[in-house]
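See structure below.
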Amino acid sequence: MNEDEIKGNLGELLQKLVKDVHFIASKGLEQKTLRPEFHRYIKWQVTEFEYGDSGITRFGSKGEEFLKPLWYRATSTVEEQARGLSIYDDALINVSRIYKLEELQARRFISSLISGVTFDTLAGKIKDLPDLIPYSLSFLRDLDKKGQEYRAEVQLKGLVLQPASILLDGNTSLRKPTRDDFEIEESLRPAYRTQPLEHPTAFLHVRVFSKGVSAVQHEIDRAVATLRLFRVGAVQDIKYAMDTDSILDAMGRGALTRGRLLGPDKYLIREEDVEVLRTFWLKMKKVALPGSAYAGVQNIFCPNPESLFWCGEYFQGFFAQVISLSPALYLLSLLKPHR
């Protein structure tokens, strides 16, 4: 058999494995042999919300505690039962042989596949058998080291929008906050509480096709740097949540909250600014920013002229490529420190 046929057979084998795992979990739910553990959460309900040209101008909320069912222990139980299946042994042997993996590493990889299917089955995210197909396909893409889709929702501070949303390119968009963004469930365990110190003034959505999570983090940093350069303002990412189609990249899921706020400055994107911003954005994507540019651009928010002089000199090399994109960039490219 050629390589395509070998991997095709492995795909069929993995699809049978995830179906069997789904059956074990579904049967455990039906027979009530699998039970969740309950954790204390709080559900926030927004009582008042108003957003204008200066950001969120009115906000009020109240919280109600409840017990949320989670399935961590039950997932471990299903995985233990799955390891007793003959098809599990077949999958382990084939994954180890085809991808030249040590048995322990192959077990870890297959464990990630089983855990993902089990957890989503118990949480009610898998309704029908066709819903299982993406799990085995994504697992194979991981093994083949092919790119996966990574998605991030970034909470921004310092950028205010008049339009409800702005499509910057096919994979990046901005939008206003809505009431629904703050009606969330939050764990009462301190280690799991990740809300930022302030409410966001805008949301950035990023989608990246990549072989690792570093690419989406790079795109977030680049997006924030570009928005800081568009106009003088303290645009900052205060929290971002990531998700991915990857089965094996655990770093592709979760949330990160920034602990430091740069300053109170902000700027408004009006309806008439949208096309200018989109043009600036698309041209800036062609600019090769210096490696340390993302950290350096944070100085642009500061009204201190010395910071502006420094930025103008620091980024002089690439400002020449985009000198016509923005009055702010044009000014910064000309500024020189006074001695």
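No lab work stands behind these numbers, since they all come straight from the coordinates. In this text, all values refer to a predicted model and were calculated from it rather than measured experimentally. For neighbour counting, all protein chains shown are included, and Cβ atoms are generated from backbone atoms with ideal geometry for every residue, glycine included.
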Neighbour-count order for Ser246, Ser54, Ser173, fewest beta carbons within 10 angstrom listed first:
Ser54, Ser173, Ser246
Zone reached by a paramagnetic label modelled 7 Å from Ile87 Cα along Cα→Cβ, restricted to the stretch 1-45 with backbone N below 15 Å, covers 9-27
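Calculate the FRET efficiency for Arg189 and Val46 from the Cβ-Cβ distance with a Förster distance of 25 Å, rounded to the nearest 0.05.
0.60
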FRET efficiency for Ala164 and Ala215 from the Cβ-Cβ distance with R0 = 22 Å, rounded to 0.05, comes out at 0.20
Compute the whole-percent fraction of alpha carbon pairs in the stretch 1-110 spaced more than 19 Å apart.
64
Just how far, in whole angstrom, is the stretch 149-186 from the stretch 34-60 if you go by their alpha carbon centroids?
16
What is the extension gain from Leu137 to Glu80, computed as 0.36 nm multiplied by their sequence separation minus the C-alpha to C-alpha distance, in nm to one decimal?
18.2 nm
Give a residue-ordered list of calculated ³J(HN,Hα) values for the stretch 29-46 (Karplus: 6.51 cos²θ - 1.76 cosθ + 1.60, θ = phi - 60°; whole Hz; x for Gly, Pro).
5, 5, 8, 6, 8, 10, 10, x, 9, 10, 10, 6, 10, 10, 9, 8, 10, 7
Taking a cut-off of 16 Å between Cα atoms, list the aspartates and glutamates near Lys283, but don't count ones fewer than 8 places away on the same chain.
Asp169, Glu219, Asp273, Glu275
Direction-averaged shadow area of the convex hull around the Cα atoms of the stretch 10-66, nm²?
8.5
Additional length obtainable on full extension of the chain from Thr257 to Glu272, 0.36 nm per residue less Cα span:
2.2 nm
If I take R0 = 35 Å and measure r between the Cβ atoms of Ser26 and Asn2 in this structure, what FRET efficiency does the formula 1/(1 + (r/R0)^6) give, to the nearest 0.05?
0.45
Dimensions of the stretch 70-150 along principal axes (Cα, Å, largest first)?
35, 31, 20
So, with points 7 Å from each Cα along the Cβ direction, the Phe59-Ser111 label distance in nm works out to 4.0
Given the pairs Lys176/Lys266; Lys43/Lys157; Lys19/Lys127; Lys7/Lys146, which span a C-alpha to C-alpha distance of over 22 angstrom in this model?
Lys43/Lys157
